[in-house]
Every structure is written in C-alpha cells, then in structure tokens.
Amino acid sequence: MDILRPPLININGRIYRRNIVKEEPYEEEDDFSYTGPSESKDLTEDETCDLHLIEETDKGYRCAIDVPSVLYKYIIGKKGETRRRLESDTKTSISIPKQGIEGQIVITGAQKSAVSSAVTRVEVLVESFRKKQPFTHFLSFPLNDSKVQEGFQTFKKEVLQQCSQDHGVEESIFQNPAKLHLTIGTMALLNDTEVRKAFDQLQECQSFIRDITEGKPLLLEVTGIEYMNDDPAMVDVLYAKVNVKDGSDRLQVIADRLVEHFVSVGLMLREWDRVKLHGTVMNTLFRKDSTVEDMGGAGRQTTSGREAFDARNILKKFSNYSFGELELNTVQLSQRYSTDCNGYYSSAGSISFS
C-alpha cells in the first residue's frame, strides 16, 4: 500500500482514511482516522458524531446503530479481542445481538465524546469489511424483450452451426435469453433494511431520469458485437452493443447519474469513470456456473480457471448482427442468484421512465 495514498472509506458522505498498523489474518487490528473535505485529522475521543442520536441516560450516554448481523463478527473479533480493545480505547461498553439476529449495536459510556468516538470507530470498521462482501443486488436495464430474445436465439443457433469448431465455443457459455440485461452497478445489501434503503434511493432518481427521457420510454437498438479483452482469439466475454436509436447518449447519462447517486449515499463503490454499457451474450464464467451474473463493468470478475474461446470467426461473421429493437422503460433493483416468473432476475423494486 502507498502510505502517501491510503485507502479512503466513505460513510454517509464523510471520508475516513484507513491506516494499516498491523498485518494479521484478522483485520480488526487496523486503525482508522477521519479525513474531512479539506484536511485530515486523527480520530480522538473528542470526535463528534452527528450521524446518530446519542441519548443521555441516568448512567451516562447511549447510542444505537444499525449493523447487518453478518458483520457482527468483525466488531467482535477473534475471541472477542476487537470489541474488548474498542471498549478499552474509548471507555465504553458495546452490546451486540446474537449472531444471526438482526438488531442494533448499543454503545454506552459515561462521556458523550467517548460514545461518539466508539460509534465512529465501529462504523469505519464495518464499512471496511462491507467492501469484502460479495454483491447481492444490482441495478439493471432489462433487455429481455421478446423480439430481442428471438434475435438472440437465432444468433446462438447460427454461431453454434458456423463456429462450433472454434476453440471453446459451445452452448454452455451463452447467456440465458430471459436474463439479457445491462448491469449499471452492483451492491452488497446485507439485510432487508438495506434493500429498502436502496429502493428508496432508486425512487429518488426517478425525477432526473424522467427529465432526461422527457417522460417517455427509450427506443434502443441492440446491434453489433464486441469483446472485452485485447486478443480476439482468447475471449472471455462477448457482448452486444446497445444504443439509443436516435443517436443520443441519454442511456449512458442515466446509467452514470445512477451510479453517481448510489455512490454518494454509500450504497455502491465506484469502479470505473463511466458505466460500461453492454449486454453480455457469451461469457466463459457460464461454463462452470450458469447462474453467475455479469458485472457489467461495475466490478471485477476473476479469470482464474476460465477457459477462453476463440471469437475471431464470430466477430468476422456477426460483427453487425442485429438482435432487434426494444422500448426500455424501467430500471430494476435486481437480486443476484434469483429468477422471477418471467425468467428474469427477481426485483426488489423498479422505477419507470414514463
């Protein structure tokens, strides 16, 4: 790690600098400090906490914070070491629900500043380990219109007829036509409360989306194919290109604005400057797991153990292939590893363009 450029953690608009002070299998030994908009400072017991209500009680002060149960273990630490250290450092008591039970972590102490400091330390610790959780939901533009599905099935049939002799080209690496989509960005939503929060934030985006679309669906054309890496003979992902038929960049603008909004509220991590809009049609990850979701340029996929395929003939013969047109009218909050009654991903909520 570059000590002059330490990792930063965004918690509800506040930026924290993560200072690694000890390398161990358990990262509970990490130390954290708060970095404001224009300066940085160490985290002290005088650190104020303006994101949570700290109540005065008969015995001192109390603050309850929501933390998904899957993250309790990182606050407890190995044999309870992390919680004991936090309590000792801040002179507070930290009460954590039993593992698997959703609830609130309650921090109590004799001094308000001590409780504030403990709350901040717990939040930074939680956000650090949240980044390591696999994503559970993603924002998507569905492309599974019946005409596009039909065009995809024809593409698949013709590729298998004409290119099955090419290395790695086989039926298992094709996308499920009912799940054709564009991924906008991925999120790790670790309990029902966080899913509801994500949907609430999606609803807040509806006004700017309707301003961009003028309250109408976007007519898209799905035409042409492209590949992800530099060598067409060793391809892992082949995707269909998707554009607004009028030639505008409105779809790109909507996707980028959505990511910007969800990053700003701490629900999404920014991986790229712009969303890579593409509809995956072939992916070597499907060879081992047909349920895997394409990250859509919003995250990195592992390439270990993947068998690439030779796409040179496919690119030559189908470079301008038309999958069809569709009217896009929704953004979905989609659940990973799920299927609804239409074969698409189960939805935790959606908004419309019109």
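List of remarks:
- Along the stretch 70-81 the Karplus relation, 6.51 cos²θ - 1.76 cosθ + 1.60 evaluated at θ = phi - 60°, assigns HN-Hα couplings of 5, 9, 4, 4, 6, 7, 6, x, 5, 6, x, 5 Hz to successive residues, with x for each Gly and Pro.
- Sequentially through the stretch 345-351, phi angles give Karplus couplings (6.51, -1.76, 1.60; θ = phi - 60°) of 5, 4, 9, 9, x, 8, 10 Hz, Gly and Pro residues having no value and appearing as x.
- Computed over neighbours whose Cβ is under 12 Å from that of K216, the net charge equals -2, Lys and Arg +1, Asp and Glu -1.
- On the principal axes of its alpha carbon atoms, the stretch 163-219 extends 50, 34, 16 Å, with the longest extent given first.
- Protein heavy-atom accessible surface, 1.4 Å probe, per residue over the stretch 49-155: 48 Å².
- Apportionment of accessible area to carbon and sulfur, the stretch 121-184, percent (1.4 Å): 44
- Pairs beyond 32 Å (Cα-Cα), from K216/K288; K78/K288; K98/K132; K78/K276; K131/K316: K216/K288; K78/K288; K78/K276; K131/K316
- Cross-link reach list, lysines versus K59, counting only Cα pairs under 22 Å and skipping chain neighbours closer than eight places: K91, K112
- For H167, the residues whose amide H sits under 5 Å from its own are D310, ignoring neighbours fewer than 5 places away on the same chain, with H placed 1.01 Å from N.
- Probe 1.4 Å, protein heavy atoms only - accessible area per residue of the stretch 304-354 in square angstrom: 47
- Interchain or long-range residues, amide H under 5 Å from G185's placed H: L139
- Ordering of 315-323, 210-218, 169-177, 112-120 by packing is 112-120, 169-177, 315-323, 210-218, highest average first (other Cβ atoms within 10 Å, averaged per residue).
- 3J(HN,Hα) along the stretch 62-68, derived from phi through the Karplus expression 6.51 cos²θ - 1.76 cosθ + 1.60 where θ = phi - 60°, amounts to 9, 9, 10, 10, 7, 9, x Hz, with x in place of Gly and Pro.
- Amide hydrogen neighbours beyond the local backbone of M282, cut-off 5 Å, H modeled: Q175, L238
- Global geometry of the stretch 188-235, whether rounded, prolate or oblate, following the gyration tensor of its Cα atoms and the 1.5 cut on a/c: oblate
The values are calculated or read from the model by the stated rules, or taken from the named source; none is laboratory data. Since this is a predicted model, take the numbers as computed values, not measurements. We place every Cβ from the backbone using ideal geometry, glycine too, and count neighbours over all the protein chains shown. Surface areas here come from the heavy atoms of the whole protein model, side chains and all, with no ligands, DNA or RNA. Shrake-Rupley method; radii C 1.70, N 1.55, O 1.52, S 1.80 Å.
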